[in-house]
Amino acid sequence: MAQIHSSHSSATPFQATRPDPAVQVHLSPSLLIVGGGLAGGLLAWRLAECFPDLSLQVLEQKPSIGAEHTWCFHQHDLTPESLAWLSPLISASWTSHDVRFPGLNRHLRSAYFAIRSEDFYARLKAKLGQQMQTGVQISSLAADRVVLANGDQLSGTVLDARGAPALKPGTTGWQKFVGLELETEHGLRRPVLMDATVPQLDGFRFMYLLPWSPRRLLIEDTRYSDTPELDTDTLEAGILAYAKQHGWHGKILRREQGCLPLPLQSGFLNATSDLPALGLRTGMFHYVTGYSLPETLRWINQLVEQAKWHDWQPDALSRMMTRYQSAWQGRQHFLILLNRLLFRAADPEQRWRVLARFYGLPEPLIRRFYAGQLTPLDQFRLLAGRPPVSVFRALTALPQRRLR
Ligand SMILES: Cc1cc2nc3c(=O)[nH]c(=O)nc-3n(C[C@H](O)[C@H](O)[C@H](O)COP(=O)(O)OP(=O)(O)OC[C@H]3O[C@@H](n4cnc5c(N)ncnc54)[C@H](O)[C@@H]3O)c2cc1C
């Protein structure tokens with residue numbers, strides 16, 4: 001049930017009018033999603049679809065939510081049901097994609113989807129209206145309330161969607177990238193998820209190409225690196241040189257960058273949230289790619305199931321999250337081993353060989369890898385034969401050794 005709090009502090013977006021103008025009354029929603037990024041936005045969207053009468057608020061600290069992300073996923077990362085509910089938010093899709101390595105060009109016949117953050121927020125805003133508030137400064141959170149910086153208090157069940165939590169130093173490798181969106185004729189008909197024929201620098205390096213339209217191309221210079229630092233100018237210069245080499249010239253329309261942690265051991269988070277959480281905040285993402293959209297959707301589906309039983313009490317949600325998270329974490333050890341193969345067993349300039357071998361494997365296995373659903377047989381196939389780096393070295397490297 002929504003609750004009403006009175007205060008005499010300054011106005012907030014949750015204010016309702018009363019005959020006495022000296023008394024400001026805050027009609028608090030029963031569900032408060034703190035953080036209006038990908039996860040908070042997706043949950044709000046799904047709840048608004050399934051429970052149009054549910055009282056909810058998304059509270060986002062940024063004054064406006066902008067155009068800095070492209071979120072992609074493979075068709076088989078999601079169930080058909082999840083893909084169906086996500087589809088109104090999808091900006092572009094392609095029926096297949098390519099990868100390129102020295103000695104290997106492969107066309108993979110599984111569809112690929114992309115969501116632009118500007119489309120995402122425009123659609124979200126249209127659906128949620130005043131239920132999505134930006135520029136909200138929060139001073140503290142508890143399981144059943146949010147205190148704003150101006151002292152006002154909102155009560156309701158809190159879901160923490162504030163993005164990546166702090167990490168323990170030296171426990172992860174990094175997938176880092178800088179992207180430029182160019183207005184140029186490019187001739188590409190489908191995405192190239194990895195063009196690793198480029199010089200290998202700062203670990204495994206590849207170009208990621210997303211052809212939004214015949215005259216619009218996103219190029220990202222990506223590194224699987226030991227360090228999180230991004231030399232943006234150098235990477236942008238590398239992208240422009242690559243574009244020029246392919247005959248692509250044109251105006252820069254947009255920039256994007258990211259640095260995603262890839263765990264080398266379990267327990268890589270400095271502290272997890274005590275609150276029911278979602279998105280990166282839960283630590284549930286694909287450990288080898290750093291991507292979170294598919295895991296976030298799976299968790300949202302669980303939360304929505306729970307909502308059907310009207311059980312949004314903080315305690316019930318926390319218990320459910322603990323159970324779900326610990327079962328999920330128990331399935332991630334193999335991906336940690338793969339990261340250790342990449343970051344610990346392979347010399348940085350040889351890392352591409354691990355990925356080149358992976359992309360030579362059967363397509364269903366590749367799909368299950370991205371979906372985070374490798375079978376024991378898949379795991380055996382990934383390590384069997386003659387992997388290009390020593391599995392023994394990956395297993396025996398000390399987890400706490402600091403990366404170079
Ligand atoms: C450039 C980039 C591209 C990516 N591409 C992909 C991709 O293609 N596919 C994929 O699956 N993953 C991708 N990822 C990884 C991951 O999915 C994204 O980082 C995703 O945005 C994470 O979603 P989230 O909601 O957990 O966190 P975020 O999207 O970071 O959202 C957290 C939100 O909480 C807000 N917030 C934080 N603190 C407070 C506070 N105190 N009060 C109110 N609000 C607060 C932040 O301002 C932010 O808006 C990408 C990451 C980056 C950086």
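The values are calculated or read from the model by the stated rules, or taken from the named source; none is laboratory data. What you see is a predicted model; the values in this text were computed from it and never measured. Virtual Cβ from ideal backbone geometry, glycine too; neighbours counted across all protein chains shown. These accessible areas exclude ligands, DNA and RNA; they are computed on the full protein's heavy atoms, side chains included. Shrake-Rupley method; radii C 1.70, N 1.55, O 1.52, S 1.80 Å.
Of the conditions (1) open to solvent by less than 20 Å² (accessible area, probe 1.4 Å); (2) modelled with pLDDT under 95, residue 299 clears all except one; give me its number.
If we test residue 299 against (1) open to solvent by less than 20 Å² (accessible area, probe 1.4 Å); (2) modelled with pLDDT under 95, just (2) comes out false.
Could you give every pair whose Cβ atoms fall below 9 Å, whose first residue belongs to region 322-335 and is closer than 15 Å to residue 289 by Cα, and whose second residue is modelled with pLDDT under 95 and open to solvent by less than 30 Å² (accessible area, probe 1.4 Å), counting only separations of at least 6 or pairs across chains?
Partner pairs satisfying both residue conditions: 334/382.
Tell me which strands (runs of 3 or more DSSP E) are completely within region 173-225 and hold 3 or more residues being of a type outside the set (A, V, I, L, M, F, W, C), open to solvent by less than 10 Å² (accessible area, probe 1.4 Å) and within 25 Å of residue 286 (Cβ to Cβ), or say none if there are none. If you could, list the steps in order and put the result at the bottom.
Numbers: elements: 192-195, 204-213, 216-225.
Answer list for region 173-225: 216-225.
Which pairs have Cβ atoms under 6 Å, sit 6 or more apart or on different chains, and link a residue in region 125-146 that is closer than 23 Å to residue 50 by Cα and open to solvent by 50 Å² or more (accessible area, probe 1.4 Å) to one that is among the aliphatic types (A, V, I, L, M) and part of a helix (DSSP H, G or I)?
Partner pairs satisfying both residue conditions: 127/48.
Which is among the basic types (Lys, Arg), more than 12 Å from the ligand (Cβ to nearest atom) and either in contact with a Pro (Cβ under 6 Å, 6 or more places away or on another chain) or free of Cβ contacts under 8 Å to residues at least 40 places away in the same chain (or both), of 216, 223?
Details: 223 fails: either in contact with a Pro (Cβ under 6 Å, 6 or more places away or on another chain) or free of Cβ contacts under 8 Å to residues at least 40 places away in the same chain (or both).
After applying the criteria, what remains is 216.
Under 9 Å between Cβ atoms, which residue pairs at least 6 apart in sequence (or on different chains) link something in region 68-81 that is in a strand (DSSP E or B) with a partner that is within 6 Å of the ligand (Cβ to nearest atom) and open to solvent by 70 Å² or more (accessible area, probe 1.4 Å)?
From residues that are in a strand (DSSP E or B), the pairs are 71/291; 72/291; 73/291.
Take the residues in region 255-276 that are modelled with pLDDT of 95 or more and within 13 Å of the ligand (Cβ to nearest atom), then tell me which one is nearest to the chain's Cα centre (by Cα).
For region 255-276, the residue satisfying everything is 260.
Could you say whether any residue in region 304-321 is under 22 Å from the mean Cα position of the chain (by Cα), open to solvent by 10 Å² or more (accessible area, probe 1.4 Å), within 11 Å of the ligand (Cβ to nearest atom) and not assigned by TED's automatic domain parsing to the domain that holds residue 230?
no
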